[in-house]
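Visitor: Right, I'll just put the structure down here and ask away after.
The values are calculated or read from the model by the stated rules, or taken from the named source; none is laboratory data. Everything quoted here is computed from the prediction, not taken from an experiment. Cβ placement follows ideal geometry from the backbone for every residue including glycine, while neighbour counts extend to all protein chains displayed.
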Amino acid sequence: MNKSKSSELYKTSSKYFPGGVNSPVRAFKSVDGTPVFITKGNGAFVTDADGNEYIDFCASWGPLILGHNNKKIKDAVISAAEHGLTFGAPTIQENELAELLINKVC
């Protein structure tokens with residue numbers, strides 16, 4: 001399995017981030033390994049910078065329960081982004097989210 005691009009990316013990231021990574025994959029160091037650098041995900045799979053494909057058992061530590069690049073979620077994000085990304089003022093959507101959360105929790 002080729003990991004040359006991930007190894008080079010790790011050398012570069014070690015200049016910028018403690019342990020060379022931004023997440024719990026720092027554990028790679030304790031098992032004498034180098035983390036892989038992910039470039040894309042689809043469903044239950046992720047692909048690294050070298051083109052190797054893996055089953056993603058972490059699912060971003062839980063939030064990706066529906067998998068990477070889920071069409072419904074991607075379409076909703078694109079639709080929301082087309083109206084702007086941040087406003088620094090109240091929005092209808094935050095009221096809708098608050099109501100949804102309260103109804104699910106209470």
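Visitor: Looking only at residues that are at pLDDT 85 or above, surrounded by 12 or more Cβ atoms within 10 Å (Cβ to Cβ) and among the hydroxyl-bearing types (Ser, Thr, Tyr) in the stretch 13-36, which one is farthest from Asn69 (Cα to Cα)?
Guide: So, considering only residues that are at pLDDT 85 or above, surrounded by 12 or more Cβ atoms within 10 Å (Cβ to Cβ) and among the hydroxyl-bearing types (Ser, Thr, Tyr), the one farthest from Asn69 (Cα to Cα) is Ser14.
Visitor: Could you tell me whether any residue of the stretch 51-68 is of a type outside the set (Ser, Thr, Tyr), within 23 Å of Ser4 (Cα to Cα) and in contact with a Ser or Thr (Cβ under 6 Å, 6 or more places away or on another chain)?
Guide: yes
Visitor: Any chance you could count how many residues in the stretch 37-95 are hydroxyl-bearing (Ser, Thr, Tyr) and loosely packed, with under 10 Cβ neighbours inside 10 Å?
Guide: Taking the stretch 37-95 first, the residues hydroxyl-bearing (Ser, Thr, Tyr) are 39, 47, 54, 60, 79, 86, 91.
Add one more test, that the residue is loosely packed, with under 10 Cβ neighbours inside 10 Å, and what stays is 79, 86.
So the count comes out to 2.
Visitor: A further question on this structure: Which numbered condition in (1) in a helix (DSSP H, G or I); (2) on the phi > 0 side of the Ramachandran plot is the only one that Leu100 fails?
Guide: Every listed condition holds for Leu100 apart from (2).
Visitor: For the stretch 1-82, please list each of the strands (runs of 3 or more DSSP E) lying entirely inside it that holds at least 2 residues being farther than 30 Å from Gln93 by Cβ. Reasoning before the result, please.
Guide: Values: elements: 38-42, 45-48, 53-55.
Fully inside the stretch 1-82 and qualifying: 45-48, 53-55.
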